[in-house]
Amino acid sequence: MGEDSMSLSVELWRPKAEIPAIAPPPSQLHCPSMTTSPVFVIAPKTPRSPLAIPMKKAIASVQCYLEEVGHFTKLDPQEAWLPITESRSGNAYFSAFHTLSSGIGVQALLLPLAFTALGWAWGLACLSLIFMWQLYTLWLLIQLHESESGIRYSRYLRLSMAAFGEKLGKLLALFPIMYLSGGTCVTLIMIGGGTMKILYQILCEETCNMKPLTTVDWYLVFTCSAIVLAQLPNLNSIAGVSLIGAITAVSYCTLIWVVSIIKGRPMNISYDPPQAKFDVASLCSILNALGIIAFAFRGHNLVLEIQGTMPSNVKQPSRLPMWRGVKFAYLIIAMCLFPLAIGGYWAYGNLIRGDGGMINALYKYHGHDPSKMVLGLTSMLIVINCLSSFQIYAMPVFDNWEIKYTSKTNKPCPRWLRSGFRVLFGCLAFCIAVAFPFLRSLAGLIGGIALPVTLAYPCFMWIIIKKPQKYGAIWWLNWMLGLLGVVLSVLVVTGAIWTIVTAGIEIHFFKPQ
C-alpha cells in the first residue's frame, strides 16, 4: 500500500507529454531537473512507476522551479518574439546604460533658460524638488513591474491598462507614450541633422569646393544612419549603443558648461527677472520654466521596457538590479544637469534663448574663442548621442508594430519584415521632420500633455494596484503628488498655448531651416 501511494504521488507530479507547454528560454531556467515543461497536470493512474523517484526529490524539483520563476510567473509565448522581451539577459549595467542614454538629451541644454524666469533661489529649489519627485515615481514604476499575480508589465501601456482599465488606460497613456517615442525620434532627426550641418560648416569653412548639402539632405543622412543602427534585433542588443550614447551625452553636457565658464561671461549680462510685475505674461514664463525643468528628466516611458529585459526569480527579482542601475545612472544625471543649469545661467544669464539653449549661446558668444576642435567635438558628440538615443526611443514603436503582427498571425515576425518595419518607421519620421519643421516649437504644448506619464500616473497606479492603507502616509503622498502632477500638466499646457497665441509661431511646411 505504501509503494502504491508513493507511485501515485509521483504520477501526480509528472507532466503529461502530449500537452504543449510554454517554457521560458533555456537561459532563464537554472534548475537541471526542471528543463522540461513547467505545466503540471494530473495523469491517469498507472499500476506502478518504473522510475520509483523518491517523493522528496519531486518536491525539491518543484520547489526549485518555483524559486526560479517566482510567484507562479505567467509566461506568454508572444513575449519571446518581441524586440523588448526577446532577450531577458539584462543586468544592472545594461539598466544603467539604457537609463543614461534615454535620460540625458539635448533638452537639458535648455535648463539655464528656466533660471531666467525663476531666478537663482527658486530655480535651484524647483530643479531639486522635481528631480526628487521624478526619481520617486521612477521607483514606483520599478516596483510595479512585477505583480503579485505573476504578470510582468514590460510595457508602460500594459501597466496603465491594468491599473485604469483597458479603455481608460489606453486613452490616458497611448498618445503620450507614442509621442514620447515617435515624437522624440522626429525631434532627434531635426537636432541630429541640423548639428551635422553645423559640424560640416565648422570642419570645412571655406576650404571645401563641393556644393554644401541642404538641411533636408542632412536630415536624410542622419535618418539613413539611424536606420542602419536600428537593424539590431532587440533592446538588449543595443546595450553597447546605449553605452556610447550615455558617454557622449555626459561628455557634451560637461564640455559645454566647462567651456562656457572658462571663457568668461559676455558683456551686459544680467540675472534680474525680465518681468518686474506679476502678470499673465510672467506667470506663463514661470510655467514654461517649470515645464522645461520637468521635460529635462525623461525616460519614464522606457523604464518598464528596460526592466523587462532582465530575468526574475524569488531570490533575485528584477527590481533589485534595475534599481541599482537606475541609482547609478541618476547620480551621473544629477552630476550633469545641476552643473549645466547653474554654470550655464552663471555664464550667460538672461542672454540665453530658447532656440537651442546652451549650444547656441556657446556658438554665439564664444564662437571665435574656443578652438575649432572644441566646437567640432561638441557637435560630433551631439550627433552620436542623437543616433544612440534614436534606437532606444524607437524600440517601443518597433515592439508595438510587431505585437500587432504576432497577435494576428500567432508566429514570430520574420527578419525581412522586421527590417521593413524599421525602414518604414525611419522614412515616416523623416517625412514628418521635413513636412512639419515647426513641431519643435510645439514641444512645450505636446510635452505638457505627456507630463503625467512622468509625474502623475505612477502615483495613481500605485494606489490602485498596491492598495496602501487608506489615509496613511503613502496613500496621502501619492494622492497629493498625482493630483499636483495633473495640475502642473494643465498649467504647462495653458502656458504653452498662451505663449503661442501671444508670441505667435512661424508655420512653414517642407522648409526646415
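The values are calculated or read from the model by the stated rules, or taken from the named source; none is laboratory data. This is a predicted model, so every value here is computed, not measured. Don't worry about glycine lacking a Cβ; one is built from the backbone with ideal geometry, like all the others, and counts go over all protein chains shown. The accessibility values were calculated without ligands, DNA or RNA, using every heavy atom of the protein model including side chains. Shrake-Rupley method; radii C 1.70, N 1.55, O 1.52, S 1.80 Å.
Measure up K197/K511; K170/K327; K263/K511 against 25 Å on the Cα-Cα distance and list the ones that go over.
Pairs exceeding the cut-off: K170/K327; K263/K511.
Can you pull the accessible area of K511 for me, 1.4 Å probe, Å² to the nearest 10?
Solvent-accessible area, nearest 10 Å²: 130 Å².
Need one value: the accessible area of K315 in square angstrom, 1.4 angstrom probe, rounded to the nearest 10.
Answer for K315: close to 150 Å² accessible.
Could you please put Y153, Y93, Y219 in sequence from largest to smallest accessible area, using a 1.4 Å probe?
Highest to lowest solvent-accessible surface, that is Y93, Y153, Y219.
Go through I151, H366, A429 and say which Cα lies farthest out towards the positive end of the charge dipole of region 71-503; charges sit on Cβ, +1 for Lys and Arg, -1 for Asp and Glu.
Checked the options; the winner is I151.
Give the accessible surface of region 195-264 per residue, rounded to a whole number of Å², with probe radius 1.4 Å and ligands, DNA and RNA excluded.
Averaged over the residues of region 195-264, the accessible area is 49 Å².
Quick one: how many Å² of T116 are accessible to a 1.4 Å probe, rounded to 10?
For T116, solvent-accessible area is about 20 Å².
Give me a comma-separated list of calculated 3J(HN,Hα) values for region 186-202, in order, Karplus coefficients 6.51, -1.76, 1.60 applied at θ = phi - 60°, integers in Hz, x for any Gly or Pro.
For region 186-202, the Karplus curve yields 4, 5, 5, 5, 5, 6, x, x, x, 5, 4, 5, 5, 4, 4, 5, 5 Hz.
What percentages, rounded to whole numbers, describe P(r) for region 71-503 computed over all alpha carbon pairs with 10 Å bin width beginning at zero?
4, 21, 32, 26, 12, 4, 0, 0
Take W498, W120 and sort them by solvent-accessible surface of the protein heavy atoms, 1.4 Å probe, largest at the top.
I get W498, W120, largest accessible area first.
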